[in-house]
There are 2 protein chains.
Amino acid sequence: MSEQYTIGLDFGTSSVRALIVRLSDGAEIGTGIFDYPHGEAGVLLDSSDPHLARQHPQDYLVGAEKTILAALEEAKHNDATFSSEMVLGIGVDTTGSSPMPVDAQGRALCESESDLAAFVWLWKDHTSTAEAAEITALAHKIRPHYIAKYGGVYSSEWYWAKLLHALRVAPMVMAKAADWVEIQDWIPAQLSGKTTSLTRGICAAGHKGLYHPSWGFPDDEFLEQLHPELKRFAAKLRTEKVAHAGTAAGHLTPEWAEKLGLQAGIPIAVGAFDAHLGAVGAGITTGTLVKAIGTSTCDIMVAPLEKSLPDIPGLCGITPEAVIPNHYSLEAGQSAVGDLLAWWTDWVKAGDHTELTRAASLLKAGESGLLALDWNNGNRTILVNQNLSGLILGQNLYTRPEEIYRALIEATAFGARVIIERIEEYGVPIERIVACGGIAEKNSLFMQIYADVLGKPIFVSRSAQTCALGSAVAAAVVCGAYPSFEAAQAVMTGVKETAYHPNPDSSKVYERLFVLYKTLHDAFGTDKNPPVSTVMQELLEIREDSRRG
Amino acid sequence: MSEQYTIGLDFGTSSVRALIVRLSDGAEIGTGIFDYPHGEAGVLLDSSDPHLARQHPQDYLVGAEKTILAALEEAKHNDATFSSEMVLGIGVDTTGSSPMPVDAQGRALCESESDLAAFVWLWKDHTSTAEAAEITALAHKIRPHYIAKYGGVYSSEWYWAKLLHALRVAPMVMAKAADWVEIQDWIPAQLSGKTTSLTRGICAAGHKGLYHPSWGFPDDEFLEQLHPELKRFAAKLRTEKVAHAGTAAGHLTPEWAEKLGLQAGIPIAVGAFDAHLGAVGAGITTGTLVKAIGTSTCDIMVAPLEKSLPDIPGLCGITPEAVIPNHYSLEAGQSAVGDLLAWWTDWVKAGDHTELTRAASLLKAGESGLLALDWNNGNRTILVNQNLSGLILGQNLYTRPEEIYRALIEATAFGARVIIERIEEYGVPIERIVACGGIAEKNSLFMQIYADVLGKPIFVSRSAQTCALGSAVAAAVVCGAYPSFEAAQAVMTGVKETAYHPNPDSSKVYERLFVLYKTLHDAFGTDKNPPVSTVMQELLEIREDSRRG
């Protein structure tokens, strides 16, 4: 029997990647990457509003074509026995919640509208803060069970907040919108030609769209109180199927098949978020926390459906089957990780990553006397507050850029620890951490700091393209090559031999620093009002001890 | 009658300047500058201890010679009628407290010792924090009247803390030290050859050395409890005269006269701190606050001796005749102002001053959403705590370096306002502010922010070389050309026509930001524990209002 393959398509914030994966062993035999040509590194910005982040959907379709063609070419070059008929399916993951308005034919409104509201509202668009607060307040008042699944706070990054804000600021655009579609659903719909009646991925619907199998999408009475027009969009959603990524969203159209040189009719898996299928590609299973570390961070865990789960305050979402069928998925995340470092290198222009990482590697834990909060893009989990901002503390007149760079990395690690402590506090044990994403792959300083701060060994996904691999796993299930995600993962995924183990000396210092981080976290992010008057003094003491030690 | 001139010598942190001033109108007809060749911009650093800052005293003597020769040359070039016999005296100002150990002949110990403890302990050397705390504690216990004149806290920057620390860490050096001399006293002593029995300037003695006319230098019982060796240094001090800058420390030796081409025997004024004689050069008088804005900032005020003054908590010092005879001088200061901006440009390398100032000028008050504390070098007045550190808050992923640059300027202005409010609270009204120093001269953005934050018009000293001019004024009094400082100032000093007036819109925004600054100030710097949980949210609101307004 000849080898079989699937393609995983991974739509990130700045680029898309196609990956061709062999089903018998997970070998990645071809890949293609495409940087979105529109905007600033793929993001459409508005100089008068730093909260706005949009995207051009044309970049996805052009990107899908270019990357699949490039991947196929590379696969043929790498393996003479490979031919494109051996590709049995396509899986899709994207950023999210990244919804866009479309017309009745499923066409992007931005094809005919230049208003930025007609484009894709990228996950990190934070224009809808006021609307998120409204949704939160209303849900607490009349639909507490809705919001309990979202850690008690609805985020400005999510679907209904964005729709509501669009209704307020761009009524002309909204009048032309027949539907708002997450890009994770729009892309499979485009590839399979099912553009007017879509299958909605439960990943976005459940984690961002207030959908739950027990109640469906939010009800009209609830939406009416937010804005009369919202009901229209919910009505459209209710006519459609909600499914997990182990389901076919449709099948490749003859037009796309010809363009790509693939067989028409191969299944396209229902889309899911990058971090969720990334968790699949990293080999997620009960007891494993998968950390996808990129511009932002997404923490994913799964727990068997048969065991009931408490609602965990501050967690982004607990949803059935958003990652693996027959499992709950738990999602947490940090709004800025790679982006926080990129702020330092690209906006402050305090050095480049290579040089700063090298210099920061020479520092010991606590040696800089610095402490930072990782809130430059707000706090997604546990505080779920977009109106928080960054903080750097402890600098003297000789503080160097690499010291701040390291303090920013440490801040994200402390933020990660706050999340882990919260999850464990609610009875979900974390036995191992598997990291994936560009930073996990490339930056050993970063990974070691995480091991030291979290006090747990950290493994790295064997694949450097975990998200695309997870999409390929979904496609492998959808095309029938494997009976379950677990069966496909056992063959197609794994971790690298090298793991990061906590350094006891550093961990001891980070225990002390974490207490101070938590003090600042609670002082600026909660109403607990812990005193901060000794923080600067204690940082100096930690610094002195670190220099002596 | 031919014109008469004096020379002002101004020894700064990185360079020395000589200025030749015409007594009839204050015209500055010649100047010379010399950058100290030793160390990093004149400062000897120790890479293992960021608190250490020393200086090589040879740089002062070489600098005095080179700058006076250059100034004389320039004066002759500028004015054909000028000749060096018309120079009637020399005044000296320096940084401080910057003491150094000398041998029995008044020679710098570093001529024969390479230990950094044998050099000048520059004002911004902060190695003596623990010792300053000891002195503070002991004074509160057994000599409360000593410490009341220092705002209740003795600083690590000051004379006795530095001696005590040197006794602890460098006993071998201290065994060879016959005396510890402030450079404001050592330089006049060198020029006049009176190197073994010096006249001590009341400026350093009173503001840093625990000297007061009513009790003299600190008593043996007090010093004994700190360290038995300290008594030896106090005994030497007690054999000598303490005098104000309107007194001759001695007269130019024939050797120096020949080297400089000046007349032997012209008087050398008793030295004083740069900011103090800078206040004289800026035209200080009762009701005027003179702000010398440089690497750090010094605020000087005077009040008539006949009116009694309360002790003001947190103020660096209240001393009779340290600035002008027959007046108290009040001193306050901020530990990092120009240095704070230089940290951003030179250490973080986030841009250069010109480019950052231009970009920051385009921003409106509150528009960046940022707030900073100006404590990268601790807080000298009101908190008097060297163990405080810097803080920057409110940044997002698009915060630009010029926004932080502006926030740092604003932080120093808020710090200045805390000081002014404290002084006025204790019944010393401030009617006008005169700024001097490089930043006042060159950076109109900086000055406008100060006017807006302080809510008072700010004048700029007519002379760009206020300190050197003040030294020349002192020399004019000492040589008998004028009967008093007031009489000399009336002719030799003044302010520029252009003044900075508060912009009401900016002032309104800064009123709101100052409330938040004060919240952070009290949260991190005092035990008051004000809640900070709304600070980030309020900054966002101010930002939104500023962008709309």
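The values are calculated or read from the model by the stated rules, or taken from the named source; none is laboratory data. The structure displayed is predicted, hence computed values, not measured ones. With ideal geometry, Cβ positions are generated from the backbone for all residues, glycine too; neighbour counts draw on all protein chains shown.
Data overview
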| quantity | calculated |
| --- | --- |
| Candidate set: the range B:525-549, residues that are small (Gly, Ala, Ser) and within 30 Å of B:ASN387 (Cα to Cα); chosen: the one surrounded by the most Cβ atoms within 10 Å (Cβ to Cβ) | B:GLY525 |
| Test: residue in the range B:541-548 that is within 14 Å of chain A (Cβ to nearest Cβ) and touching a helix residue (DSSP H, G or I) at 6+ places or on another chain (Cβ under 7 Å) | yes |
| Counted residues, the range A:135-150 - those being buried (at least 17 other Cβ atoms within 10 Å of the Cβ) and under 24 Å from the mean Cα position of the chain (by Cα) | 6 |
| Check on A:SER463, over 30 Å from A:LEU362 (Cβ atoms) and surrounded by fewer than 23 Cβ atoms within 10 Å (Cβ to Cβ) | no |
| Check on B:ILE147, of a type in the set (Val, Ile, Thr), assigned to a helix (DSSP H, G or I) and within 23 Å of B:ASN377 (Cα to Cα) | yes |
| The range A:121-167, residues that are of a type in the set (A, V, I, L, M, F, W, C), touching a His at 6+ places or on another chain (Cβ under 7 Å) and touching a residue at least 24 places away in the same chain (Cβ under 8 Å) | A:LEU164, A:LEU167 |
| From the options B:ALA104, B:ALA137, B:ALA133, residue that is hydrophobic (A, V, I, L, M, F, W, C) and assigned to a loop (DSSP other than H, G, I, E, B) | B:ALA104 |
| Qualifying residue in the range A:415-434 (condition: more than 11 Å from chain B (Cβ to nearest Cβ), without any contact (Cβ under 8 Å) to a residue 60 or more places away in the chain, in a loop (DSSP other than H, G, I, E, B) and within 28 Å of A:GLU541 (Cβ to Cβ)) | no |
| Listing of helices (runs of 4 or more DSSP H) fully contained in the range B:452-549 that carry 1 or more residues being under 27 Å from B:GLY314 (Cβ atoms) and not charged (D, E, K, R) | B:466-478, B:504-525, B:535-548 |
| Matching residues in the range A:204-235 - criterion: being under 26 Å from the mean Cα position of the chain (by Cα) and either surrounded by fewer than 17 Cβ atoms within 10 Å (Cβ to Cβ) or not hydrophobic (A, V, I, L, M, F, W, C) (or both) | A:GLY206, A:HIS207, A:LYS208, A:GLY209, A:TYR211, A:HIS212, A:PRO213, A:SER214, A:TRP215, A:GLY216, A:PRO218 |
| Pairs where the first residue, in the range A:324-347, is without any contact (Cβ under 8 Å) to a residue 24 or more places away in the chain and away from every other protein chain (no Cβ under 14 Å) and the second is of a type outside the set (S, T, N, Q) and in a strand (DSSP E or B), C-beta under 9 Å, 6+ apart | A:ASN326/A:PRO304; A:ASN326/A:PRO320 |
| A:GLU402 vs. criteria within 30 Å of B:LEU391 (Cβ to Cβ), surrounded by 24 or more Cβ atoms within 10 Å (Cβ to Cβ) and either touching a strand residue (DSSP E or B) at 6+ places or on another chain (Cβ under 9 Å) or in contact (Cβ under 8 Å) with a residue 24 or more places away in the chain (or both) | no |
| Subset of the range B:371-397 that is within 7 Å of another protein chain (Cβ to nearest Cβ) and modelled with pLDDT under 95 - its residue that is farthest from the chain's Cα centre (by Cα) | B:ASN387 |
| Qualifying residue in the range B:12-21 (condition: within 14 Å of chain A (Cβ to nearest Cβ) and surrounded by 19 or more Cβ atoms within 10 Å (Cβ to Cβ)) | yes |
| Residue ID - nearest to A:VAL181 (Cα to Cα), chosen from residues in the range A:256-288 that are assigned to a helix (DSSP H, G or I) and free of Cβ contacts under 8 Å to residues at least 60 places away in the same chain | A:ALA257 |
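Yes/no matrix, rows are residues, columns are (1) closer than 28 Å to B:GLY250 by Cβ; (2) at pLDDT 95 or above:
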{"residue": "B:PHE119", "(1), (2)": "yes, yes"}
{"residue": "B:THR127", "(1), (2)": "no, yes"}
{"residue": "B:THR136", "(1), (2)": "no, yes"}
{"residue": "B:HIS140", "(1), (2)": "no, yes"}
{"residue": "B:TYR159", "(1), (2)": "yes, yes"}
{"residue": "B:THR195", "(1), (2)": "yes, no"}
